[in-house]
Amino acid sequence: MLTDDNFATIARAVREGRVVFDNIKKTLLFTLPTNVGEAGVIVLAIFWGVALPVTAGQILWVNLITSVTLSLAFAFEPAEDGVMRHGPRPPTEPLLTRPLVLRMVFVSLLMVAVTFSVFEWELSRGSSLELARTAAVNALVVSELFYLFHARHFTRSAFRLETVTGNPVAIGVSLLMVALQLLFTYAPFMQAVFQTRALDLLSWSVIGTLAGALFLLIELEKALWRMSGVRRM
């Protein structure tokens, strides 16, 4: 803009600034609730007086996996539809707006509920503590994976082909995360380090079902925001 005062150049610069700002907010929208959800699982277990669903080492693994895989997808997120049609952001508007904070609280509570449900279900069917923790960690990671594709857009429905095809990097990092998580669950050396156990098909079915329920509930929450006229967070 300093070397070329052509209006088209200025418009492109404004557009790029809006895309960058949106992607920063999407990164927060993904990272904060997943981290709060992980912490909430531990805090709830302590106050509830039950065994921890995940160990400190397993939480470290989850943070490592999500930070080097899933979170990277937002650096390559394309512009939202109509990014240049909305008005300028008020100078006094905070980065963490009310809708964004409410979304983060909602998703955090869902992730805690999914993780605890899987953990308690495994224990109720006679699984060992190590196996129940393995299932809980995988439930947390799969929930984060499902939420990744919701966080790509603020309130737009995720039931669109573009949700999957719009950002190839998101698909790539998701596949990488799945591969690493399978190593975490089934590789003997990872089992020795993180005290994990192999999961059977029934465990994966329960994890997938609850993560799918989380996905649908977030879709419902998005629909409520759209009905209220909210398109951006």
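A short reminder: the numbers here are calculations on the coordinates, not readings from a lab. Every value quoted in this text rests on a predicted model; they were computed, and no experiment measured them. Quick reminder, even Gly has a Cβ in these numbers, built from the backbone with ideal geometry, and neighbours come from all protein chains shown.
Report ³J(HN,Hα) in whole Hz for each residue of the stretch 208-224, in order, from the Karplus equation J = 6.51 cos²θ - 1.76 cosθ + 1.60 where θ = phi - 60°; Gly and Pro get x.
After applying 6.51 cos²θ - 1.76 cosθ + 1.60, I find x, 5, 5, 5, x, 5, 4, 4, 5, 5, 5, 4, 5, 4, 4, 4, 5 Hz.
Is the stretch 112-201 rounded, prolate or oblate when judged by the Cα gyration tensor, a ≥ b ≥ c being the square roots of its eigenvalues, rounded requiring a/c under 1.5 and prolate requiring a/b larger than b/c?
Because a/c hits 1.5 or more and a/b fails to exceed b/c, the stretch 112-201 counts as oblate.
Mind listing which chymotrypsin sites (Phe, Trp or Tyr not before Pro) in the stretch 128-224 are in a DSSP loop and have 14 or fewer other Cβ atoms within 10 Å?
Sparse-neighbourhood loop chymotrypsin sites (Phe, Trp or Tyr not before Pro): Phe159.
Over all directions, average the projected area of the Cα convex hull of the chain and note it in nm².
15.0 nm²
Classify the stretch 172-218 as rounded, prolate or oblate from the Cα gyration tensor: take a ≥ b ≥ c as the square roots of its eigenvalues, call it rounded if a/c is under 1.5, otherwise prolate when a/b beats b/c and oblate if not.
Judged from the Cα gyration tensor, the stretch 172-218 comes out oblate (a/c at least 1.5, b/c at or above a/b).
Under a Cβ-only charge scheme (Lys and Arg +1, Asp and Glu -1), can you give me the dipole magnitude of the stretch 81-233 about the Cα centre, in debye to the nearest 20?
660 debye
When the dipole is taken about the Cα centre of the stretch 1-149, and only Lys, Arg (+1) and Asp, Glu (-1) are charged at their Cβ, what size is it in debye, to the nearest 20?
Taking the Cα centre of the stretch 1-149 as origin, the dipole is about 240 debye.
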